[in-house]
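K.L.:
Right, I'll just put the structure down here and ask away after.
Read-outs: derived from the displayed coordinates by stated rules, not from any lab. Since the model is a prediction, treat every value here as computed from it, not as a measurement. When we count neighbours, we look across all protein chains shown, and the Cβ atoms used for this are built from the backbone with ideal geometry, even at glycine.
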């Protein structure tokens, strides 16, 4: 069970309700009226808990689990222990996500404006929004319905934030427009100057950064990530994209819809990333590249050339995945020969 100091559990739910929530089928002769009170990992779950199996390496843990119910692929149904009710689906992890959300729904913000918050008189703050202690809301800023602005966050002048957003403590939002249901974790910096200088013998002349950052609906941005505003064209983060902690996105980048960007990735200026692209941790992309829809970039890759739609690349400089793995294998074989 999650620590009740931090999380409030809903429910209980019947097996039939959970199947409807998850979009799963009840396996075998399990009782649809059987009640469940919580979610838990396979190794810790008890008779009233729901768990999931999404990885073959945990099949043994699944077979030995005390979970009362489990979301699992039909392939693994024969390995289920006696008494375990099955929620059968080809996407057990997504099913678990829906079930866990039902047990632990995000609490609705309680409308409030803390006395220590500084809200400019010209700002438009919906009555249903929550402004926490020490937050600063600049002139002509707009805060949507049911949006929460965390403690000590700074919302710059003219910034527009849509409905049902959650801006974490100590985040800074400048020169940006956010859609609905955007989650910004603590310490995020959005809309600061892009890194633009005109080099010359007389020194590096700063280029004014005159664009914005556009964050579309349902984006999530991890803690301490930074997203620079555009130099003229805008920096754009597409709808549904999920960005991990400690990511740097430079000016004029256009990141497509439903991308996954893992921690410590750096994307240089004016690079265009298509929809449904996945970028592994610590990968670096140079500027002015085009990354096609559905491409996948391995962790710690150094991408210096365009990547085609659906391509998998790895290594530094990045190359097609098969070529990279073949090269790694060749180096290992050579090292073994020399060591032998």
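K.L.:
7 Å from Cα along Cα→Cβ at both residue 286 and residue 195: what's the point-to-point distance in nm?
P.N.:
Label at residue 286, label at residue 195, 1.5 nm between them.
K.L.:
Would you mind getting the Kirkwood hydrodynamic radius of the stretch 88-191 from its Cα pairs, rounded to one decimal in Å?
P.N.:
Values: mean 1/r = 0.0704 Å⁻¹.
Radius from the Kirkwood sum: 14.2 Å.
K.L.:
Specify the residue with the greatest mean-square fluctuation among 127, 216, 75, computed from a Gaussian network of the chain linking alpha-carbon atoms under 10 Å apart.
P.N.:
75
K.L.:
Hey, in the GNM for the chain with a 10 angstrom Cα cutoff, which one of 40, 250, 171 fluctuates hardest?
P.N.:
Maximum fluctuation in the GNM of the chain, among the listed residues, is at 40.
K.L.:
Starting from 0.36 nm per residue, how many nanometres of slack lie between residue 312 and residue 108 once their C-alpha separation is accounted for? Can you show the working numbers first?
P.N.:
Numbers: separation 204, 0.36 × 204 = 73.44 nm, distance 4.03 nm.
Residue separation times 0.36 nm, minus the Cα-Cα distance, leaves 69.4 nm.
K.L.:
In whole Å, what three semi-axes, largest first, describe the equivalent ellipsoid of the chain built from its Cα gyration tensor (square root of 5 times each eigenvalue)?
P.N.:
Working: eigenvalues 315, 220, 45 Å².
Calculated on Cα positions only, the semi-axes equal 40, 33, 15 Å.
K.L.:
Once the Cα gyration tensor of the stretch 90-138 is diagonalised, what are the square roots of 5 times its eigenvalues, in whole Å and ordered largest first, as equivalent ellipsoid semi-axes? Let's see the in-between values first.
P.N.:
Working: eigenvalues 260, 23, 17 Å².
Semi-axes from the Cα gyration tensor: 36, 11, 9 Å.
K.L.:
What does the extension gain come out to for residue 331 and residue 61, with contour length at 0.36 nm per residue minus their alpha carbon separation? Please report the intermediate quantities before stating the final value.
P.N.:
On the way: separation 270, 0.36 × 270 = 97.20 nm, distance 3.66 nm.
Contour length minus Cα-Cα distance gives 93.5 nm.
K.L.:
Can you give me the Kirkwood hydrodynamic radius for the stretch 171-340, using every pair of distinct Cα atoms, in Å to one decimal? Intermediate values should be presented prior to the final figure.
P.N.:
Working: mean 1/r = 0.0601 Å⁻¹.
It works out to 16.6 Å.
K.L.:
Take the alpha-carbon centre of the stretch 244-300, take the same for the stretch 57-135, and report the distance between them in whole Å.
P.N.:
Cα centres, the stretch 244-300 to the stretch 57-135: 27 Å.
K.L.:
If you don't mind, another one. Using the Cα atoms as the points, what is the convex hull volume per residue of the stretch 254-310 in Å³? Let's see the in-between values first.
P.N.:
Working: hull volume 3.1 nm³, N = 57.
Each residue corresponds to 54 Å³ of Cα convex hull volume.
K.L.:
What is the gain in length, in nm to one decimal, between residue 205 and residue 25 on full extension, counting 0.36 nm per residue of separation less the C-alpha to C-alpha distance? Please report the intermediate quantities before stating the final value.
P.N.:
On the way: separation 180, 0.36 × 180 = 64.80 nm, distance 6.34 nm.
58.5 nm is the gain from fully extending residue 205 to residue 25.
K.L.:
Sticking with this structure for a sec: Give me log10 I(q)/I(0) at q = 0.22, 0.23, 0.24, 0.25 Å⁻¹ for the stretch 13-103, Debye formula, one equal scatterer per alpha-carbon, no solvent.
P.N.:
-1.00, -1.11, -1.24, -1.37
K.L.:
If you take the square roots of the eigenvalues of the alpha-carbon gyration tensor of the stretch 148-230 and sort them as a ≥ b ≥ c, do you get rounded (a/c under 1.5), prolate (a/b over b/c) or oblate? Mind showing how you got there, number by number?
P.N.:
Working: a/c = 2.69, a/b = 2.19, b/c = 1.23.
Here the stretch 148-230 falls in the prolate category.
K.L.:
Once the stretch 190-265 is represented by equal point scatterers at the alpha-carbon sites, with solvent omitted, what log10 I(q)/I(0) does the Debye formula produce at q = 0.16, 0.19 Å⁻¹?
P.N.:
The computed values of log10 I(q)/I(0) come out as -0.56, -0.73.
K.L.:
Using a Gaussian network model on the chain with a 10 Å cutoff between Cα atoms, which of 228, 73, 163 fluctuates the most?
P.N.:
With Cα springs under 10 Å in the chain, the top fluctuation among 228, 73, 163 is at 73.
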